[in-house]
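*Asks:* Starting off with a structure, shown below.
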Ligand SMILES: Cc1cc2nc3c(=O)[nH]c(=O)nc-3n(C[C@H](O)[C@H](O)[C@H](O)COP(=O)(O)OP(=O)(O)OC[C@H]3O[C@@H](n4cnc5c(N)ncnc54)[C@H](O)[C@@H]3O)c2cc1C
């Protein structure tokens, strides 16, 4: 049997591509190394263990729904966030794509209400942020919530299961190329699945695998920056005035001392800090999410510093993972947490000092010293950024604010693709989503899947 299309990865990019192809009655197979939504349970989130136990397939980043299913399903409906798809298809088409993808999320059960940062309060925040050197970026956001997000993705599974073949717990080892044309995939057990067209959408989890494939095929990779930083946790009251109206506050800042580009990322009101296991690099990093039906009393968000490396250095992923591993080493294999006051005064936090503080941690991390992990300029960048943020989020730079380390975002694999996301010089091969460096969020990942699928249909 030869499929019309084989899709590697069942994240938002893979799911939306499959739906687009199935709508045109194409024979599609979706292959993912992770488990189905109902079987994806992180033992930390289930309360069974306190620290990451390195599951063979990480429920947080792998399986039906991809990394998106463990996320709290914040859909950013404004261009300029969550990826580079605009560079391929242009602003107007991206706006149409965002609407198309978003309508589908709502059709499958996402909350039809959304947050929008406009009006008087938004203008006031933009002005007071500017005085502190902060660029506040207004965005439209739909919040599905982690548990509701799983339901939406499961509804998509039920719909696609009758239209496509879905192979879960199945790892793709390689892409079969004959005479410069992709014609199938080779599974880990050696089995070959034949298809007319191949779409590789393996996400960040599969970025290291994709890099191997790409190197073997001699495809061009553009170097990308890496983001390194911490997850900040404060009482809800610090952010409430803004999160109640806008859900999330997105800001950019150039640090005073080093002129480094810093940004806030992924704000989770009444949310939880979580750890995630990166199997490809064998390390644990920190992240955050919020649930629709279970609330904490804290808001968390990432503070990230973006670094572009210049020649001769060309291993930004190696640099970031080295730092993450250092944090794991000091934390006994997991995540470090420190009070801002302790970081500033150069002493290690301990459990007693944290428990006396105003912020009750939502993740059982090891109290420690982030200055033994992050290079000096990152520490200075983070402290200066929090001081600036204090202008619009009063209290955010209080001594009891918790910093969890480290959070890294590895986007350094960016393939040179055609505008329709076809791989140049290899026929019938397409790449999209976070793994190919096209997207950095659910909406643009899903939209890139649609772009690739439409190209597959038209060629
Ligand atoms: C904790 C967390 C919270 C997040 N919160 C948000 C949020 O609120 N909003 C937002 O917009 N984004 C969020 N994100 C990011 C978002 O999830 C990703 O941008 C999005 O899922 C990327 O989609 P994708 O389809 O490109 O890849 P992914 O969703 O990563 O899916 C890739 C799939 O490919 C599979 N795979 C990889 N390699 C292979 C292989 N060799 N063989 C078979 N299968 C393979 C993986 O198992 C995975 O299931 C979050 C991410 C995390 C981890």
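Taken together, the values in this text are just the output of simple stated rules run on the coordinates, not laboratory data. Keep in mind the model is a prediction, meaning the values are calculated, not measured. Every residue, glycine as well, gets a Cβ built from its backbone with ideal geometry; the counts of neighbours run over all protein chains shown.
*Asks:* So how tilted is helix 376-389 from the main axis of the chain? Cα-based, degrees 0 to 90, rounded to 10.
*Replies:* Helix 376-389 sits roughly 80 degrees off the main axis of the chain.
*Asks:* Additional query: For the chain, find the longest principal axis of its Cα atoms and tell me its angle to the long axis of helix 12-23, 0 to 90°, nearest 10.
*Replies:* For 12-23 against the chain, the angle is about 30 degrees.
*Asks:* Report the dimensions of segment 300-380 along its three principal axes from the alpha-carbon atoms, largest first, rounded to Å.
*Replies:* 47, 25, 23
*Asks:* From the Cα gyration tensor of segment 187-261, with a ≥ b ≥ c the square roots of its eigenvalues, which class applies: rounded if a/c is under 1.5, or else prolate if a/b is larger than b/c, or else oblate?
*Replies:* Prolate is the answer for segment 187-261, as a/c is 1.5 or above and a/b outweighs b/c.
*Asks:* Sticking with this one: What number, in nm² with one decimal, is the all-direction average of the projected area of the convex hull of the alpha-carbon atoms of segment 398-459?
*Replies:* Value for segment 398-459: 5.8 nm².
*Asks:* Determine the gain in length on full extension of the stretch residue 188-residue 309; use 0.36 nm per residue of separation and subtract their C-alpha separation, reporting nm with one decimal.
*Replies:* Taking residue 188 through residue 309 to full extension adds about 40.1 nm, to one decimal.
*Asks:* Taking the Cα centre of each part, how many Å lie between segment 41-114 and segment 379-443?
*Replies:* First find each Cα centre; the distance between them is then 14 Å.
*Asks:* For segment 249-387, build the convex hull from the C-alpha positions and give me its volume per residue in Å³. Don't skip to the answer; put the middle values down first.
*Replies:* Numbers: hull volume 17.9 nm³, N = 139.
Roughly 129 Å³ of hull volume per residue.
*Asks:* Right, next: May I ask you to derive the relative contact order of segment 100-158, considering only C-alpha pairs under 8 Å and at least 6 residues apart, and to give it as an integer percent? Display every interim value, and only then the final one.
*Replies:* Values: 41 pairs, mean separation 27.3, N = 59.
With pairs under 8 Å counted, the relative contact order is 46 percent.
*Asks:* In nm, give the distance between the simple-model label positions of residue 120 and residue 103, each being 7 Å from the Cα along the Cα-to-Cβ direction.
*Replies:* Label at residue 120, label at residue 103, 3.6 nm between them.
*Asks:* Right, next: Modelled label-to-label distance, residue 25 and residue 87, 7 Å Cα→beta-carbon offset: nm?
*Replies:* 3.9
*Asks:* Still on this model: Along each principal axis of its Cα atoms, how long is segment 1-84 end to end? Whole angstroms, biggest number first, please.
*Replies:* Computed over the Cα atoms, the extents are 46, 39, 19 Å.
*Asks:* Tell me the Kirkwood radius of segment 124-168: reciprocal of the mean inverse pair distance over distinct alpha-carbon atoms, in Å.
*Replies:* Evaluated on segment 124-168, it is 14.2 Å.
*Asks:* If I take all pairs of Cα atoms in the chain, what percentage of them are more than 44 Å from each other?
*Replies:* Within the chain, distances greater than 44 Å cover 9 percent of Cα pairs.
*Asks:* Using only the alpha-carbon atoms, how far is helix 207-216 inclined from the longest principal axis of the chain? Give it as 0 to 90 degrees, nearest 10.
*Replies:* Around 50 degrees separate the two axes.
*Asks:* Continuing with the same structure: Quick one: Cα centre-to-centre distance for segment 291-312 and segment 130-199, in angstrom?
*Replies:* Cα centroid of segment 291-312 versus Cα centroid of segment 130-199: 23 Å apart.
*Asks:* What shape does segment 1-149 take by its C-alpha gyration tensor, where a ≥ b ≥ c are the square roots of the eigenvalues and a/c under 1.5 counts as rounded, a/b above b/c as prolate, and the rest as oblate?
*Replies:* Judged from the Cα gyration tensor, segment 1-149 comes out oblate (a/c at least 1.5, b/c at or above a/b).
*Asks:* Using only alpha carbon positions, build the gyration tensor of segment 315-459, then give the equivalent ellipsoid semi-axes as the square roots of 5 times its eigenvalues, largest first, whole angstrom.
*Replies:* Working: eigenvalues 336, 58, 37 Å².
Working through the eigenvalues yields semi-axes of 41, 17, 14 Å.
*Asks:* From the Cα gyration tensor of segment 79-146, with a ≥ b ≥ c the square roots of its eigenvalues, which class applies: rounded if a/c is under 1.5, or else prolate if a/b is larger than b/c, or else oblate?
*Replies:* oblate
*Asks:* So if each residue of separation counts as 0.36 nm, and I subtract the Cα-Cα distance between residue 294 and residue 414, what length gain in nm does that give?
*Replies:* So the extension gain works out to 39.5 nm.
*Asks:* When the label point is put 7 Å from the Cα of residue 279 along its Cα-to-beta-carbon vector, which residues of segment 409-438 have a backbone N closer than 19 Å?
*Replies:* Residues 410, 434-436 fall inside that zone.
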